[in-house]
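What follows is a short report on a single structure.
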Amino acid sequence: MRKLIILLFAVLLLCGCENTSESLTLNVYNWGEYISDGSEGTLNVNEEFENYCLEELGKEVKVNYTTYASNEDMYNKIKSGSASYDVIIPSDYMIEKMIAEDMLLKLDYENIPNYEFVNEDYKDLFFDPDNEYSVPYTYGMVGIIYNEEMVDKEDIGSWELLWNEKYKGQILQFNNPRDAFGTAIYSVGGDVNTTDVAVWENAAEKLKAQKPLVQSYVMDEIFNKMKNGSAAAAPYYAGDYLTMHDSNESLKFYFPKEGTNIFVDSMCIPSCARNKELAEEYINFMLSEDIAIANAEYIAYSSPLDNVRKSETYIADMTEWNEEVMDILYPENLGIRTQYYENLDSDTLLLQNSLWETLKIENAVEPWVYITSLSIILLLASIMMYSYIIKKIRDNY
Amino acid sequence: MKTVSKIYVALVFTILYIPILVLMLFSFNSTANTGALTGFSLYWYKELFNSPDTFNALKNTLVLAISASTISTIIGTAAAVGITKFKTRITKSTLLSVTNIPMMNPDIVTGISMMLLFVFIGTILRSEDKLGFGTLLIAHVSFCLPYVILSVRPKILQMNKALPEAAMDLGCTPIQSFFKVELPNIMSGVVSGFILAFTLSLDDFVISYFTTGNDFQTLPLLIYSMTKKEVKPDIYALSTLMIVAVTVLMVLSNISSKEKTADRKAALK
């Protein structure tokens, strides 16, 4: 017994003592499934970076790669000051917010010579007009995915497909407030970054009108639902359509004519970073041709880098996978209004969140459930009181 | 009436286990489609072994679960023995109510309050990494403790109080009598407390989410971060392997306990 305890403690101690020798650690915090990680025969970018550091720079580096599911999760983790990260990859509006709150460090472009490969269209964007804090990683647009066997040809082309009574119970909607309200506001040609209360309330009304037609509010569940044909139409990101099309050839995609969302995810260095130079080295590495192509092929979103878009290997691989790839990821002459999500001020955010909660919670529980449970509780309470009283009477007797 | 109750039990078991069986079935699917079975293949198992992130998360989760359940079992058993030895009723009932608080607290309250506590202490101590494996371990031990105490205490109450006294009469020191007489009697409670703590720690998401650092990602956190894009079926393969491992362990422990009671009965005869 004693020997067992000693053995257990020894094992615990060994687990605790990782090698804290001269190897440097780089803490990277990224979206889930957003880097080529070696699965399904792809390149393992983090391992390649560690090898590159060892061979080219002579440094022993360990990459601590952790993931998050939303910008807000990442923001809360960093804001609470509880952990330090060297490289993070937020979306456009979150970068705007973090710059305003002094949470990002300025980049030293001497260490990022590969920045020249970034396409001019993705420099000087609204959230970082002087490109001091961020380097674009991927970008994309929201569009509508539909199953051509379940949807008639004349109903496509607009956001209204998602409000079409004909497809009641087969429509999916985003399960996060920003994107869901976005679909409603884009469909009436409004400004998704407005502070006008009336616009938000109209959008909430429109979403409420849509609720009886919606099969469910989804994020990643959309892949399965569209792939096995349980839903007919859904809004989602362009690159993810390509992944879904792989499994179900009858899925098709279009950008709605009233306008849609464009987003950019960029690499930044937060102010809590410990290894700024190594972080810049990592960012530079991600911009190099082979790595950027591997990432772009794995994630299947659009790449803002010229050395990827013009690369024949990339174009050949992607077109072999799906012939419409270049038209969907890099549409020319789109002719449709695209708008970025910008950081909303706190009043509008509060309004958006409360409208979203009202939408989700309303009618969630039918009144008969309340009545039945209340009557059951009353029944049980009366039975207990009755038996208690009888017991007291018997004791006194 | 007997057949009705048998049907009822069968129904309950079906509802409990069908999701697990579907998961195991689709882990052998040759594509990522969860609507149709396209063919038997071990592709996702091979993928699982190729994916360093998933393996890292699994290793982290297991290390955390084993350490947290071991530490909380040791502390919990000692606590249960100590609480039972108190003479005044008020002390005993206060301690028991305090023990119940972490159980009744919603996970999110525990998670956020622990995170605030660790950041506060970290700021005072000027430590670089305020959250990490240590803080995660402390958080897990603290929410596993009440369950261990709750498992061990009934066994202590059931035990014949005369036994340790008899051992001491025969020359044991109190510590020796605890280890040689009391502990074997309450061992089944300790083991079930350990298993309960292990399961809770393995499964926990909310508290881990708030108290982990930048280098320790557990499996639930990894799977949650995949929810914007797809959850790949190598996770199904991983879950199948974990379920099989747990089932094998349970079966083995049941067999060994049956053998022990059979041995004991034979020895008494």
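The values are calculated or read from the model by the stated rules, or taken from the named source; none is laboratory data. Note that the coordinates shown come from a computational prediction; the quantities given were computed from them, not determined experimentally. Quick reminder, even Gly has a Cβ in these numbers, built from the backbone with ideal geometry, and neighbours come from all protein chains shown.
Quick notes on this structure:
- A Cβ distance below 8 Å, combined with a sequence gap of six or more or placement on separate chains, defines the contacts here; from the stretch A:67-84, residues that are closer than 13 Å to B:Ile112 by Cα and more than 8 Å from chain B (Cβ to nearest Cβ) reach residues that are buried (at least 21 other Cβ atoms within 10 Å of the Cβ) and of a type in the set (A, V, I, L, M, F, W, C) in the pairs A:Lys77/A:Ala83.
- Condition check for A:Val264: outside any helix (DSSP H, G or I) and either closer than 30 Å to A:Ala83 by Cα or in contact with a Phe, Trp or Tyr (Cβ under 9 Å, 6 or more places away or on another chain) (or both): yes
- Residues in the stretch B:237-247 that are within 14 Å of chain A (Cβ to nearest Cβ) and either surrounded by fewer than 17 Cβ atoms within 10 Å (Cβ to Cβ) or touching a strand residue (DSSP E or B) at 6+ places or on another chain (Cβ under 8 Å) (or both): 0 in all.
- Checklist (1) more than 10 Å from chain A (Cβ to nearest Cβ); (2) surrounded by 19 or more Cβ atoms within 10 Å (Cβ to Cβ) applied to B:Ser67, failing item: (1)
- Residue match in the stretch B:191-203 (condition: crowded, with 18+ Cβ neighbours inside 10 Å, over 30 Å from A:Val142 (Cβ atoms), at pLDDT below 90 and of a type in the set (D, E, K, R)): no
- Positions within the stretch B:207-233 being free of Cβ contacts under 8 Å to residues at least 60 places away in the same chain and in a loop (DSSP other than H, G, I, E, B), in sequence order: B:Met226, B:Thr227, B:Lys228, B:Lys229, B:Val231
- Residue check, A:Tyr301 within 20 Å of A:Leu242 (Cβ to Cβ) and either modelled with pLDDT of 90 or more or under 23 Å from the mean Cα position of the chain (by Cα) (or both): yes
- Taking the stretch A:158-198 as the range and being over 20 Å from A:Asn147 (Cα atoms) and outside any helix (DSSP H, G or I) as the test, the residues that pass are A:Asn175, A:Asn176, A:Val188, A:Gly189, A:Gly190, A:Asp191, A:Val192, A:Asn193, A:Thr194, A:Thr195, A:Asp196.
- Qualifying residues in the stretch B:193-213 (those that are out of contact with any Phe, Trp or Tyr (no Cβ under 8 Å at 6 or more places or on another chain) and within 18 Å of B:Thr73 (Cβ to Cβ)) - the one nearest to the other protein chains (Cβ to nearest Cβ): B:Phe194
- Single match in B:Ile112, B:Ile138 (criterion: within 14 Å of chain A (Cβ to nearest Cβ) and closer than 21 Å to B:Thr199 by Cβ): B:Ile138
- Count of the stretch B:51-71 residues which are under 20 Å from A:Thr42 (Cβ atoms) and among the hydroxyl-bearing types (Ser, Thr, Tyr): 2
- Of the residues making up the stretch A:27-41, not one is closer than 15 Å to B:Leu48 by Cβ, part of a loop (DSSP other than H, G, I, E, B) and more than 7 Å from every other protein chain (Cβ to nearest Cβ).
- Members of the stretch B:214-231 found to be facing chain A (nearest Cβ under 7 Å) and among the β-branched types (Val, Ile, Thr), listed by number: B:Thr227, B:Val231
- Filtering the stretch B:213-220 for residues that are buried (at least 18 other Cβ atoms within 10 Å of the Cβ) and within 17 Å of the chain's Cα centre (by Cα) leaves a non-empty set.
- Condition check for A:Gln215: more than 22 Å from A:Met94 (Cβ to Cβ), in contact (Cβ under 8 Å) with a residue 40 or more places away in the chain and touching a Gly at 6+ places or on another chain (Cβ under 6 Å): yes
- Among the residues of the stretch A:105-123, not a single one is within 11 Å of another protein chain (Cβ to nearest Cβ), among the acidic types (Asp, Glu) and touching a residue at least 60 places away in the same chain (Cβ under 8 Å).
- Tally of residues being among the β-branched types (Val, Ile, Thr) and either buried (at least 17 other Cβ atoms within 10 Å of the Cβ) or within 13 Å of B:Pro233 (Cβ to Cβ) (or both) across the stretch B:10-55: 5
To keep it simple, each residue is scored yes or no on (1) closer than 20 Å to A:Val218 by Cα; (2) crowded, with 22+ Cβ neighbours inside 10 Å; (3) away from every other protein chain (no Cβ under 14 Å); (4) of a type outside the set (D, E, K, R).
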site: A:Gly259; (1), (2), (3), (4): no, no, yes, yes
site: A:Ile262; (1), (2), (3), (4): yes, no, yes, yes
site: A:Asp265; (1), (2), (3), (4): no, yes, no, no
site: A:Leu287; (1), (2), (3), (4): no, yes, yes, yes
site: A:Ile291; (1), (2), (3), (4): no, no, yes, yes
site: A:Asn295; (1), (2), (3), (4): no, yes, no, yes
site: A:Ser302; (1), (2), (3), (4): no, yes, yes, yes
site: A:Leu305; (1), (2), (3), (4): no, yes, yes, yes
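- Qualifying positions in the stretch A:171-225 - of a type in the set (Asp, Glu), buried (at least 16 other Cβ atoms within 10 Å of the Cβ) and over 26 Å from A:Asp152 (Cβ atoms): A:Asp220
- For the stretch B:30-50, a residue qualifies if it is away from chain A (no Cβ under 11 Å) and within 21 Å of A:Thr42 (Cβ to Cβ), and the qualifying residues are B:Ser30, B:Ser41, B:Leu42, B:Tyr45.
- Just one of the listed residues (A:Glu258, A:Glu205, A:Glu249, A:Glu201) is without any contact (Cβ under 8 Å) to a residue 12 or more places away in the chain, over 30 Å from A:Ile35 (Cβ atoms) and outside any strand (DSSP E or B), namely A:Glu205.
- Filtered residues of the stretch A:25-67 (kept if buried (at least 16 other Cβ atoms within 10 Å of the Cβ), among the hydrophobic types (A, V, I, L, M, F, W, C) and modelled with pLDDT under 90): A:Leu43
- Test: residue in the stretch B:166-183 that is among the polar types (S, T, N, Q) and outside any helix (DSSP H, G or I): yes
- Matching residues in the stretch A:323-349 - criterion: being among the acidic types (Asp, Glu) and either in contact with a Pro (Cβ under 8 Å, 6 or more places away or on another chain) or under 14 Å from A:Ile262 (Cα atoms) (or both): A:Glu342
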